[in-house]
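The values are calculated or read from the model by the stated rules, or taken from the named source; none is laboratory data. Please read all numbers here as calculations on a predicted model, not as lab measurements. Note that each Cβ is placed from the backbone with ideal geometry, even for glycine, and that neighbours are counted across all protein chains shown.
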Amino acid sequence: MTTRANLVYLIALPLFSSAFLMLLGKIANKWGHFFATAISASTFGIGIVEFIAMRSRSGDARAATQHLFEWISVGTFRVDASLLLDQLSICFVLLITGVGTLIHIYSIAYMSHDVDRRRFFAYLNLFIAAMLLLVLGDSYLNLYVGWEGVGLASYLLIGFWNQKPAYATAAKKAFVANRVGDVGLSLAIMIAFTQFGSVTFAGVKDGAPHASAAALTAIGAMLLLAAAGKSAQFPLQSWLGDAMAGPTPVSALIHAATMVTAGVYLITRSNFIFDASSTARLLVVIVGAITLLFGAIVGTAKDDIKKALAASTMSQIGYMILATGLGPVGYAFAIMHLLTHGFFKASMFLGAGSVMHGMDDEVNMRRYGALGKVMPITAITFGLGYLAIIGVPPFAGFYSKDKIIETAFNAGGTKGILLGGAALLGAAITAFYMTRVFVLTFMGKKRWDDKAHPHESPSLMWIPMVLLSLGSVASGYLLSKGSALVHWLAPVVNSSNAEGGAELMKPIVVSALALGVVVLGVATAIIKYGRSVPIEAPAGSALTRFARRDLGQDDLNHQLLVLPGQAITRTLVATDFGFIDGVVRAVGWTLAYLSQSLKKIQNGYVRSYALLMTAGAIALLVTIWLVTL
């Protein structure tokens, strides 16, 4: 392991830029967006330099560290503020800074008429800094600081237009849901400290083989809870759809390419915990399988283009989470799908923003139609992302998602059939709802009124879309060629068995099955939506109505959390007002009554005072007499 001196600049530069723009105020309105974009680009440049340097080394020397300062030193417990850049974290550094820079460029045009654009770019830089700290920290405690920073930045960005009450509510919902997951990460860190006396990745990894099964399962379950909150996985997924209230570049950066993948990073980084606990690994695959189907079903019923893409994100992250629970080789395939997803989903989110830009912020796909004729660049770049996500060869999703489906089937036995079947069913539904999105938006007859004037977006918006769409085309092939990513990540996640277990289902069979269900899903969507589409959504079946309501997730949360919380609040208020305040009021009333009674004695008459003095003297004499008997 080598020592590097410039890792800190990856975090320090965007953090400084964020603070600088916030403190400078309106002075920076005219140039702050250019400054923030240049800073983001510089971090990407540093990432490229570090990647080249890492490739020039071999073995353990590829990983690099930088010690910053001693953070906590209490007795035998010591935590340093240190950074770790290895084969896993460099993947995230390049994704965060590369895609982040393109989204910065896109935002220059997209947010051009916003009076608070400087503040928006300050928040973007804050998010970049927090996300980089999350993936570069060398301990769970350092990761936790970045984890919380990402939560804060996402809250600020989702609620950027907080003058609209619904948007402010959406930001608070995301913040609260993430805090639930954060409790899991806090507990995992505490359990790790009590078990291993360390919270560094290296310390926990060294201690894991000697820990009890119960302790490892507890740590794994708490880490999974944290991942579920940050990555919008079951049962903490309800916030993601509402988070689309933020500006579209926020959706592309946070909810497609980076923040929602933090849970995948956490589980992959903690592979030594999950490899040692079959129970924790089982919980992971259950959550992943449920979520990939949950998000896919919800996506079939959404008419809001951004919410349909959000449901898709939930489902695709479910594939990644499923892969992380499938054994050593699954981690590499999860990261591969994470990287390819970062390209094609960011491309589609930016494409959705381009459509909204041309359609006066209209998000209802039923009011689109035939936009491919007037927005050809947007249609082509979005279309490449669409082909990638549904897994059409040779696009990126074909290489990454098919590998997850194959690994799921190869889990063996009933487990393999169930998990592989769920992943295959998810692929069919994905093909259906993504074809629905593309057809409703870019094909068919125009359904907008004469007030709308759709047009292609400016070059600062479509150039990032084009570059991301190139990744949608080529990234899967490049990452899978010669098992490049699997071998690259092997020292971090799979040092003993880079190729995984036995091959129970041939790749060609899995690809044929996946391609077959994709064709079925595409054909079904074209038959259903390729003809006339009503502008007003029909009532639909009971399942459709249920899917529109996100399969009742908010209703369930309302029944299980909101109503009991309100009941507890009412009980506490009644107790506080009726009993506690009642006791206080009773004391006050008693003292007031006694004071009023005693006040009658002080009437100003000499004869009354003389009588009281006489009575007092007699009482004193009687007391003395009784005592001396």
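Here are some notes:
- Any chance residue 427 is assigned by TED's automatic domain parsing to the domain that holds residue 383, buried (at least 17 other Cβ atoms within 10 Å of the Cβ) and either part of a helix (DSSP H, G or I) or modelled with pLDDT of 90 or more (or both): yes
- Condition met for residue 398 (assigned to a helix (DSSP H, G or I), crowded, with 20+ Cβ neighbours inside 10 Å and at pLDDT 95 or above): no
- Residue within the stretch 9-21 that is of a type in the set (A, V, I, L, M, F, W, C), touching a helix residue (DSSP H, G or I) at 6+ places or on another chain (Cβ under 7 Å) and farther than 28 Å from residue 492 by Cβ present: yes
- Condition check for residue 461: modelled with pLDDT under 90 and touching a Phe, Trp or Tyr at 6+ places or on another chain (Cβ under 8 Å): no
- Residues of the stretch 68-82 satisfying the condition of being under 14 Å from residue 5 (Cα atoms) and touching a residue at least 60 places away in the same chain (Cβ under 8 Å): 68, 81, 82
- Residue count for the stretch 27-78, restricted to those that are closer than 20 Å to residue 16 by Cβ, polar (S, T, N, Q) and not in a helix (DSSP H, G or I): 2.
- Within the set 568, 535, 526, 508, the sole residue that is outside any helix (DSSP H, G or I) and either among the β-branched types (Val, Ile, Thr) or loosely packed, with under 11 Cβ neighbours inside 10 Å (or both) turns out to be 535.
- Criterion: in contact with a Leu (Cβ under 8 Å, 6 or more places away or on another chain) and assigned by TED's automatic domain parsing to the domain that holds residue 406 - qualifying residue of 523, 514, 537, 542: 514
- Pair list, Cβ < 6 Å and 6+ apart or interchain, from the stretch 199-228 residues that are in a helix (DSSP H, G or I) to residues that are crowded, with 20+ Cβ neighbours inside 10 Å and among the aromatic types (Phe, Trp, Tyr): 220/274
- Some residue of the stretch 65-76 being crowded, with 16+ Cβ neighbours inside 10 Å and modelled with pLDDT of 90 or more: yes
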